[in-house]
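All remarks here apply to the structure that follows.
The values are calculated or read from the model by the stated rules, or taken from the named source; none is laboratory data. All of these numbers come straight from a predicted model, not from anything done at the bench. Quick reminder, even Gly has a Cβ in these numbers, built from the backbone with ideal geometry, and neighbours come from all protein chains shown. Heavy atoms of the whole protein, side chains included, go into the accessibility calculation; ligands, DNA and RNA do not. Shrake-Rupley method; radii C 1.70, N 1.55, O 1.52, S 1.80 Å.
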2 protein chains.
Amino acid sequence: MPTSSVAASSAAGRPRSDLNATVFAATLRSVHELGYAGATMDRIAVAAGVAKTTLYRRWPSKGALIVDCLIDAFGRMPFDGADRGEVLSSGIHWLAAKIGEPGVGAALAGVFSDAVNDPALREILSTRLQEPYRLALQDELGEPPHRIRLLMDVVTGTLIHRMGMTGEPMADADVAALAEMVLRTFR
Amino acid sequence: MPTSSVAASSAAGRPRSDLNATVFAATLRSVHELGYAGATMDRIAVAAGVAKTTLYRRWPSKGALIVDCLIDAFGRMPFDGADRGEVLSSGIHWLAAKIGEPGVGAALAGVFSDAVNDPALREILSTRLQEPYRLALQDELGEPPHRIRLLMDVVTGTLIHRMGMTGEPMADADVAALAEMVLRTFR
DNA sequence: CCACTTACGCTACCGTCAGTAGCGTAAGTG
DNA sequence: CACTTACGCTACTGACGGTAGCGTAAGTGG
């Protein structure tokens with residue numbers, strides 16, 4: 001037990017701050033090349049030049065690692081557009097574009113697939129990945145939580161379903177059609 | 001090698017025709033009680049009063065068993081309604097109701113989740129489970145394949161995503177909202 | 001210069017589960 | 001009475017997520 005939690009300057013053997021970024025890059029690369037299931041924790045560790053035990057010291061499970069990796073990959077959602085319609089449309093296209101980046105779509109579809117059989121992972125996904133966007137959208141659109149929830153489930157459900165079933169991100173024309181469809185209801 | 005494939009009347013030790021139904025019931029019961037991952041092939045075999053090897057003699061994989069089970073559970077899609085709007089709406093509510101039956105929703109979400117990491121299962125799912133409904137809808141609505149594909153992916157993507165993330169089928173009010181939303185585009 | 005702390009590498013391991021091999025047997029067939 | 005076919009049973013493999021335990025490099029504070 002440390003004598004004083006205030007003395008956080010104790011930097012003896014402190015975690016390398018660049019290691020997370022290295023692992024995230026290796027994770028997305030592995031998922032891109034080998035698929036979600038093919039990107040085992042062993043392989044990710046090798047790709048990152050890191051011991052597998054180190055991964056488990058920083059993340060409690062493969063799912064948690066992927067979620068953190070995705071949080072890093074997605075970043076903040078841009079709110080471009082004058083009215084609600086433009087905001088919504090640009091948001092949908094932003095999400096679709098992110099899913100199109102190498103590894104991101106497969107990681108997203110994979111982690112949601114794992115979540116079906118793992119309540120703890122569902123909690124992590126909902127709280128850490130989805131919640132921020134839910135709150136931001138709620139704030140931006142002024143819709144009740146229930147409507148935001150439906151809106152997000154339609155968009156992410158459709159995009160992830162396509163990604164999972166085809167292995168490819170949805171084509172632009174379909175994304176546009178999806179956006180148009182959503183706009184008719186939520187504009 | 002049989003001397004004549006015509007002499008198919010050779011009924012020596014032929015498969016018990018009621019065994020499939022028994023297995024399907026045991027499968028849905030197991031999935032309902034234990035979840036998709038908890039319903040292992042061993043447990044399904046025990047629940048059905050059957051050897052695990054027998055399951056693998058009839059189905060090449062767990063996914064294939066679940067798909068056949070779902071085909072049996074869904075049956076034919078009813079086309080009720082005078083116009084396209086009513087047909088579409090009743091179809092969506094029919095699907096949602098089926099997903100609400102014990103075990104069906106969990107089995108559906110589970111098998112789609114497995115499919116993300118299994119191209120062979122994706123093929124089975126697409127060809128044996130989805131294709132018939134795709135063709136029927138195409139016939140009924142007279143829309144091009146591309147539009148039917150989008151329509152189905154939005155509906156099934158949303159419903160399965162909800163089921164997978166909450167463990168519960170989507171509430172009626174949300175199903176109605178989803179149907180209304182889809183109708184605005186595809187009526 | 002010397003304890004002490006902390007993060008990391010490494011090897012070996014566990015439990016679970018999908019899927020397989022091989023052998024014995026009941027039952028109907030000609 | 002041979003023959004075929006489907007099924008039960010036991011034992012096994014291989015992959016993968018996750019863990020245990022021990023050694024070590026590096027920076028810290030006295």
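Could you work out how much longer the chain between A:S90 and A:E180 gets when fully extended? Use 0.36 nm per residue separation minus the Cα distance between them, nm to one decimal.
Here the answer is 31.3 nm.
Add +1 for every Lys or Arg and -1 for every Asp or Glu among the other residues with Cβ under 12 Å from the Cβ of B:L19, and state the total. Present the calculation step by step, with values, prior to reporting the outcome.
Numbers: positive: B:R14, B:R16, B:R57, B:R58; negative: B:D18.
Result for the local shell: +3.
Please check: in the Gaussian network model of chain B (C-alpha springs, under 10 Å), which one of B:S89, B:S17, B:S30 has the largest mean-square fluctuation.
Ranking B:S89, B:S17, B:S30 by mean-square fluctuation puts B:S17 first.
Within a Cβ distance under 13 Å of A:V50, other residues only, what is the Lys/Arg minus Asp/Glu net charge?
Taking every other residue near A:V50 into account, the sum is +3.
Compute the length gained on full extension between A:A51 and A:D83: take 0.36 nm times their separation in residues and subtract their Cα-Cα distance, giving the result in nm to one decimal.
Taking 0.36 nm per residue and subtracting the Cα distance, the gain is 6.6 nm.
In Å and on Cα atoms, what radius of gyration and Dmax does the protein assembly as shown show?
For the protein assembly as shown, the Cα radius of gyration and maximum Cα-Cα distance read 23.3, 87 Å.
Over the Cα atoms of segment A:19-61, Rg to Rh with Kirkwood Rh, two decimal places?
Checking Rg against Rh, the ratio lands at 0.92.
Taking 41 Å as R0, compute the FRET efficiency from the Cβ-Cβ separation of B:Q130 and A:H146 and round it to 0.05.
The value I calculate is 0.90.
Tell me the mean residue ellipticity at 222 nm calculated for chain B from its helices only (DSSP H runs of n ≥ 4, each -39500 (n - 2.57), averaged over every residue, nearest 500). Walk me through the numbers on the way to the answer.
Details: 10 runs with 131 residues, N = 187.
The helix contribution divided over chain B gives -22000 deg cm²/dmol.
Any residues in segment A:104-120 that have 50 Å² or more less accessible area with all protein chains than in their chain alone, probe 1.4 Å, and which are they?
A:S113, A:V116, A:N117
Mind checking which lysines have their Cα closer than 25 Å to the Cα of A:K52? Skip sequence neighbours fewer than 8 apart in that chain.
A:K62
Which FRET efficiency value, to the nearest 0.05, is calculated for B:D139 and A:T40 with the Förster distance at 35 angstrom and r the Cβ-Cβ distance?
0.20
Can you give the relative contact order of chain A as a percent, counting alpha carbon pairs under 8 Å and 6+ residues apart?
So the answer I get is 22 percent.
How far is it, in nm, from the label point at B:R29 to the one at B:A120 when both lie 7 Å from their Cα along the line to the Cβ?
Using points 7 Å along Cα→Cβ, the separation is 2.9 nm.
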